[in-house]
1. Any residue that is over 25 Å from the mean Cα position of the chain (by Cα) and either under 24 Å from Glu117 (Cα atoms) or assigned to a helix (DSSP H, G or I) (or both) - is there at least one of those in segment 186-194?
2. Does segment 200-207 contain at least one residue that is at negative phi, aliphatic (A, V, I, L, M), part of a helix (DSSP H, G or I) and modelled with pLDDT under 90?
3. Of the conditions (1) more than 17 Å from Tyr163 (Cβ to Cβ); (2) free of Cβ contacts under 8 Å to residues at least 60 places away in the same chain; (3) not polar (S, T, N, Q), Ala324 fails just one. Which one is it?
4. Being surrounded by 18 or more Cβ atoms within 10 Å (Cβ to Cβ) and part of a strand (DSSP E or B) narrows it down to one residue among Val66, Val78; which is it?
5. Inspect all residues belonging to segment 138-150 and state whether any of them is of a type in the set (Val, Ile, Thr) and in the same structural domain as Glu246 (by TED's automatic domain parsing).
6. Among the numbered criteria (1) surrounded by 20 or more Cβ atoms within 10 Å (Cβ to Cβ); (2) modelled with pLDDT under 90, which one does Pro160 miss?
7. Might you let me know whether segment 286-298 holds any residue that is loosely packed, with under 15 Cβ neighbours inside 10 Å and at pLDDT below 95?
8. Where residues in segment 81-97 are of a type in the set (Gly, Ala, Ser) and over 9 Å from the mean Cα position of the chain (by Cα), which of them is surrounded by the most Cβ atoms within 10 Å (Cβ to Cβ)?
Amino acid sequence: MTRRRFAGLVGLGLALALAACSRRPSTVGGGPSELTFSIASVEGAPEAKDWRPLLDDLSDQIGVKVKPDFAASEASAVEAMRAGRVQAGWFPADPALEAVRRADAEVLARVVQADGEAAYESVLIVRKGSGVTLDKVLACGRRLTLGLGEPNSTPERVAPMAYLFTPKGIDPAKCFKRVRSLDEQADILAVAKGGLDVATSNTVGLIYAQREHPELVAKLEVIWTSPPLPESAILVRKDLDPAVKEKIRQFLLTYGTGAGRQAEHQRQVLAGLDYGGFRPADESYLDPVRELEAAEALAEARRSGDRARLAAAQKSFDEIHAAAAQKRAAHPDL
């Protein structure tokens, strides 16, 4: 499941922005009578049928009709929130940061996986028995083929570059015989079938691949794992009615907890999404993504040889890293 991608968005112009205003839900007594909830399209993500029970429960809980919108891409999900066509939604961490920056969005809660983890990891995978080790991958020599994911994918490209290749001074284009950039699921299957020597992936994506292709995933092994990366989150527009916003927050943080028939039903709904529930979160939850961006910008500056660019990138990285560390120390539960 390719979770996390930095989406390059195309502005649609003033006419579309004005038209979008007319499509915002009507309000009754100051609050919305209907909400549109966006689900970003991500390879291997929960399907529409898995989301509908949760959104039905949300609608019952907050007293507002909740209509799902299954976006064609992460970029279109962010653009829909920016234009006001959706008021809430599920976003992987990278488009979540884009929505915070560009779509007047705020983080309400983050997803907890079925095993209780609130983060995931980028990984490097090879075919079992191939003899490809991490040392052989890092030795370069242009002997191996690499699947490096799509250009803006955090777990398949940004994280491996920031945590593995860049610190060792490795440029994949010069290191490997061939580097291809396809989606994560295609790379997983290619490695399992012997079409690629090694590929980047992530722990959540492997879970979904295991569900669809257990016989192929059984042929894989992980040779490198990154530090934790933030899971997906639920976002709302900042201008959403505060009372409705708080109802959504409370719904998420209590969903699937407690005892009784209703709680058991909710846990079954969460199981259909491969989730264990939701935890409180704010924008600091996205700090690892900001740090990865800064690390990649610093690596590019180093490669450029431009001293002024390098100094600016180093200053930005140091500031972002220090701010993130300060937030984590002050709010270790977020």
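The values are calculated or read from the model by the stated rules, or taken from the named source; none is laboratory data. These numbers come from a predicted model, not from an experiment. Note that we place each Cβ from the backbone using ideal geometry, even for glycine, and neighbour counts take in every protein chain shown.
1. Step one: list which residues in segment 186-194 are over 25 Å from the mean Cα position of the chain (by Cα), which gives 193-194.
Still in the running and either under 24 Å from Glu117 (Cα atoms) or assigned to a helix (DSSP H, G or I) (or both): none.
Taking every residue of segment 186-194 in turn, none turns out to be over 25 Å from the mean Cα position of the chain (by Cα) and either under 24 Å from Glu117 (Cα atoms) or assigned to a helix (DSSP H, G or I) (or both).
2. Taking segment 200-207 as the starting set, the residues that turn out to be at negative phi are 200-207.
Of the ones still in play, those that are also aliphatic (A, V, I, L, M) are 204, 206-207.
Filter once more, so that each one left must be part of a helix (DSSP H, G or I): 204, 206-207.
Then keep just the ones that are modelled with pLDDT under 90; that gives 204, 207.
Taking every residue of segment 200-207 in turn, at least one turns out to be at negative phi, aliphatic (A, V, I, L, M), part of a helix (DSSP H, G or I) and modelled with pLDDT under 90.
3. Condition not satisfied by Ala324: (1).
4. Working: Val78 fails: part of a strand (DSSP E or B).
Result: Val66 is the single residue among Val66, Val78 that is surrounded by 18 or more Cβ atoms within 10 Å (Cβ to Cβ) and part of a strand (DSSP E or B).
5. Quick first cut of segment 138-150, residues of a type in the set (Val, Ile, Thr) only: 145.
Still in the running and in the same structural domain as Glu246 (by TED's automatic domain parsing): none.
Checked segment 138-150: no residue is of a type in the set (Val, Ile, Thr) and in the same structural domain as Glu246 (by TED's automatic domain parsing).
6. Here Pro160 meets the rest and fails (2).
7. No, segment 286-298 contains no residue that is loosely packed, with under 15 Cβ neighbours inside 10 Å and at pLDDT below 95.
8. Keep residues of segment 81-97 that are of a type in the set (Gly, Ala, Ser), which gives 83-84, 88-89, 93, 96.
In the following step, the residues that additionally are over 9 Å from the mean Cα position of the chain (by Cα) were identified as 83-84, 88-89.
Numbers: Ala83: 19, Gly84: 19, Ala88: 23, Gly89: 28.
Selected residue: Gly89.
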